[in-house]
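Below: one structure, written as structure tokens.
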Amino acid sequence: MPDGTQDKERAAPCAPGHVAVIMDGNGRWAQSRGRPRLFGHHAGARRVREIVEACPDLGVKYLTVFAFSTENWKRTQTEVAGLMSLFRRYITKEARALCDEGVRVRFIGDRVRLDSKLISLMDELEQMTEHNDRVHLTIAINYGSRDEVSRAIKRLAKDVATGQLSPEDVTETTLTRYLDTHVLPDPDLVIRTSGEARISNFLLWQSAYAEYEFIDTLWPDFTREVFTRLVGSYGKRERRFGAVSL
Ligand code: IPE
Ligand code: IPE
Ligand code: MG
């Protein structure tokens, strides 16, 4: 861990340890400039590094970003192919810098529908950064909560069928272990950009008690300053988890 990081993390006791972001609004950002939607996706991808780099100073250890949903396949073939090509380029271009910054990268979502080149780049980046611990960046590609829970239950049911797990042992904790996010803590703060106040199938199980921020800023305009402000206002919230405040 680089010098000073631990001190800064201690200095931010009310920081959301895990922030999840629904990076929305790339298409509208491009369209308002008379440009194709993919122009917005490229601008959006360039915002990610700045937010990742802001995390250690803010005490954010885990950052999870929604890059492509299980529903996004409904878009035109041009947009989907452009996004897949952007993900390949992004990983190739950013791998070294992310690794040098001490970022541990993970991917969640179902890889079955992704192309083999993208899958191997994802595997390589996960392996290359597996010893990093400064910030844990999780990128959700072909991710949908309902799909994740269905896949988890399918594996759990197989374990019950083969006798490795008894039905009595199926608890919230057991199910959590079968999710793509099994190594991550639950999100403390979920941010959605672009003015839409919906979850769009993102981390439904994991965000049961998260705090939410829906902001009008379009993702390509989302800066370190906006992120810092949202993390700061999280610190003023009272999380009761069903209990009564003292
Ligand atoms: C979010 O931006 C990125 C993805 C869903 C891939 P959008 O592409 O949804 O942008 P808008 O919502 O159309 O503006
Ligand atoms: C959610 O945004 C998915 C990502 C940001 C990757 P969408 O733009 O796909 O969500 P909806 O369609 O407006 O709900
Ligand atoms: Mg959108």
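The values are calculated or read from the model by the stated rules, or taken from the named source; none is laboratory data. Everything numeric in this text was worked out from a predicted model, so none of it was measured. Using ideal geometry, Cβ is built from the backbone for each residue, glycine included, and neighbour counts are taken over all protein chains shown. Side chains included, ligands, DNA and RNA excluded: accessible areas come from the protein's heavy atoms. Shrake-Rupley method; radii C 1.70, N 1.55, O 1.52, S 1.80 Å.
Which condition breaks for residue 143 when tested against (1) within 16 Å of ligand 1 (Cβ to nearest atom); (2) over 20 Å from residue 52 (Cβ atoms)?
(2)
Are there any pairs, at least 6 apart or on different chains, whose C-beta atoms fall under 8 Å, with the first in the stretch 16-40 and β-branched (Val, Ile, Thr) and more than 7 Å from ligand 1 (Cβ to nearest atom) and the second open to solvent by less than 10 Å² (accessible area, probe 1.4 Å) and in a loop (DSSP other than H, G, I, E, B), and if so, which?
Cβ pairs passing all conditions: 19/60; 19/187; 21/193; 22/193; 22/202.
Looking for whichever is surrounded by 18 or more Cβ atoms within 10 Å (Cβ to Cβ) and within 16 Å of ligand 3 (Cβ to nearest atom) here; the options are 106, 75, 47, 28. Which one fits? Can you show your working first?
Working: 106 fails: within 16 Å of ligand 3 (Cβ to nearest atom); 75 fails: surrounded by 18 or more Cβ atoms within 10 Å (Cβ to Cβ); 28 fails: surrounded by 18 or more Cβ atoms within 10 Å (Cβ to Cβ).
The unique qualifying residue is 47.
When residue 222 is evaluated against the numbered criteria (1) within 16 Å of ligand 3 (Cβ to nearest atom); (2) within 24 Å of residue 14 (Cβ to Cβ); (3) in contact with a strand residue (DSSP E or B) (Cβ under 7 Å, 6 or more places away or on another chain), which criterion, by number, is the only one it fails?
Going through the list (1) within 16 Å of ligand 3 (Cβ to nearest atom); (2) within 24 Å of residue 14 (Cβ to Cβ); (3) in contact with a strand residue (DSSP E or B) (Cβ under 7 Å, 6 or more places away or on another chain), residue 222 breaks only (3).
Take residue 197 and decide whether it is over 26 Å from residue 89 (Cα atoms) and within 16 Å of ligand 1 (Cβ to nearest atom). Before you say what the answer is, go through the steps one by one.
Values: over 26 Å from residue 89 (Cα atoms): yes; within 16 Å of ligand 1 (Cβ to nearest atom): yes.
Yes: the conditions hold for residue 197.
Would you kindly identify the helices (runs of 4 or more DSSP H) lying entirely within the stretch 1-109 that contain at least 2 residues that are modelled with pLDDT of 95 or more, within 12 Å of ligand 2 (Cβ to nearest atom) and of a type outside the set (Asp, Glu)? Steps first, please.
Working: elements: 5-10, 26-31, 37-58, 77-100.
Output list reads 26-31, 37-58, 77-100.
Could you tell me which residue of the stretch 181-193 is farthest from ligand 1 (Cβ to nearest atom), considering only residues that are assigned to a loop (DSSP other than H, G, I, E, B) and surrounded by 22 or more Cβ atoms within 10 Å (Cβ to Cβ)? Can you show your working first?
Pass one, the stretch 181-193, residues assigned to a loop (DSSP other than H, G, I, E, B): 181-188, 193.
Then drop every residue that is not surrounded by 22 or more Cβ atoms within 10 Å (Cβ to Cβ), which leaves 181, 187-188, 193.
On the way: 181: 19, 187: 18, 188: 22, 193: 8 Å.
Per the criteria, the residue is 188.
Only one of (1) surrounded by fewer than 16 Cβ atoms within 10 Å (Cβ to Cβ); (2) among the polar types (S, T, N, Q); (3) out of contact with any helix residue (DSSP H, G or I) (no Cβ under 7 Å at 6 or more places or on another chain) fails for residue 92. Which number is that?
With respect to (1) surrounded by fewer than 16 Cβ atoms within 10 Å (Cβ to Cβ); (2) among the polar types (S, T, N, Q); (3) out of contact with any helix residue (DSSP H, G or I) (no Cβ under 7 Å at 6 or more places or on another chain), residue 92 is out only on (3).
Picking from 237, 229, which residue would you name as being more than 30 Å from residue 147 (Cα to Cα), surrounded by fewer than 18 Cβ atoms within 10 Å (Cβ to Cβ) and in contact (Cβ under 8 Å) with a residue 12 or more places away in the chain?
Details: 229 fails: in contact (Cβ under 8 Å) with a residue 12 or more places away in the chain.
Being more than 30 Å from residue 147 (Cα to Cα), surrounded by fewer than 18 Cβ atoms within 10 Å (Cβ to Cβ) and in contact (Cβ under 8 Å) with a residue 12 or more places away in the chain holds for just one of 237, 229, which is 237.
Find all pairs meeting these conditions: Cβ atoms under 6 angstrom apart; at least six residues apart or on different chains; first residue within the stretch 136-152 and within 14 Å of residue 113 (Cβ to Cβ) and touching a residue at least 40 places away in the same chain (Cβ under 8 Å); second residue more than 13 Å from ligand 2 (Cβ to nearest atom) and in a helix (DSSP H, G or I).
Going by the 6 Å Cβ cut-off, there are no qualifying pairs.
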